[in-house]
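Below is one structure; the comments refer to it alone.
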Amino acid sequence: MTNDSSAEFARRLGELHAEQDRVGMGNIFSLSKTFTAMPLREIETLLDASDHEMRVGAVSIMDFQARRRGTPEGHRRELFELYLRRHDRIDSWDLVDRAAPYVVGGYLFDKRRDPLYVLARSRHWWERRTAIVATYYFIRKGDLDDTFAIAELLAHDPERLVQLAVGGWVREAGKRDPDRLTGFLDRHARTMPRPALRYAIEHLDPGTRQQYLTQP
């Protein structure tokens, strides 16, 4: 992959727009997969673009590199560091959700998770969303502690896009450990924001859902 691979990505994206009335996310993901070998400095060039689709490409390439089985540990660390260093450009829910599970969560799985707790206390909602979304990787591995611990910190977050992530992630963790989910709900259902609550209880039986929704 040459040093002007970000320019080639932009050219190919422009061709997609010329061929189609609407370029869907699936098209951008497919294009990004062909640029999986893009160097980090070129990925950062895409992150700096004003065009949102270019940044979708950047985080998609980061995700593909992080998922790739043969990616060296040192490169995984560089992807993680790039994500945190340029979080100012990863500032929407879709960009966070595209890369946080593997670029952040995958890297931290066998390490201390302190960076997630720093993010959970950030003044920027997209960094707080990263804190909970990154734990998706842990949930897949059956490690639920940080999902519930970070959800405790964010249970009453004022930002709806964080609320939805908290509710969705404790719901997914609850599939692995229903008792921990009901314990979390017993502590917070009365006071947590409705969007988070509705997501958290989505897969419970109707009677239990109603019970949590109507608690005084």
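Below is a table of values for the structure above.
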{"item": "SER5, SER92 arranged by Cβ crowding within 10 Å, fewest neighbours leading", "result": "SER92, SER5"}
{"item": "Helix runs (DSSP H) in the chain reaching 24 Å along axis by Cα, Kyte-Doolittle at least -1.0", "result": "160-176"}
{"item": "Gained length - SER92 relative to THR208, 0.36 nm times residue gap less alpha-carbon distance", "result": "38.5 nm"}
{"item": "Within straight-line cross-link reach of LYS33, aspartates and glutamates at Cα separation under 15 Å, skipping those fewer than 8 residues along the same chain", "result": "GLU8, GLU42, GLU53, ASP63"}
{"item": "Which label in [x] 7, 21, 25, 25, 16, 5, 0; [y] 8, 32, 30, 20, 8, 1, 0; [z] 7, 32, 36, 21, 4, 0 gives the computed P(r) over Cα pairs in 10 Å bins from 0, in percent", "result": "[y]"}
{"item": "Reachable lysines, given that their alpha-carbon falls under 19 Å from the alpha-carbon of LYS175 and they are not under 8 places away in the same chain", "result": "LYS141"}
{"item": "Mean Cβ count within 10 Å, highest first, over the residues of peptides 110-121, 76-87", "result": "76-87, 110-121"}
{"item": "Alpha-carbon centroid distance for the pair the range 184-216 / the range 10-32, whole angstrom", "result": "40"}
{"item": "Cβ-derived FRET efficiency at R0 41 Å, THR191 paired with PHE29, nearest 0.05", "result": "0.60"}
{"item": "Rounded Å value of the spacing that divides the Cα centres of the range 60-137 and the range 140-160", "result": "15"}
{"item": "Contact order relative to length of the range 91-181, as percent, for alpha carbon pairs under 8 angstrom and 6 or more apart", "result": "26"}
{"item": "Virtual spin-label span in nm between HIS75 and TYR117, 7 Å along Cα→Cβ", "result": "3.3"}
{"item": "Approximate spin-label separation ARG68-ASP110, in nm, with each point projected 7 Å along Cα-to-Cβ", "result": "1.9"}
{"item": "Relative contact order (%) - criterion: Cα under 8 Å, at least six apart; region: the chain", "result": "12"}
{"item": "The range 1-111: Rg to Rh, with Rh as the Kirkwood radius over Cα pairs", "result": "0.96"}
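Where a number appears in this text, it was derived from the coordinates with a stated rule and is not lab data. Predicted model only: the values in this text are computed from it and were never measured. Note that each Cβ is placed from the backbone with ideal geometry, even for glycine, and that neighbours are counted across all protein chains shown.
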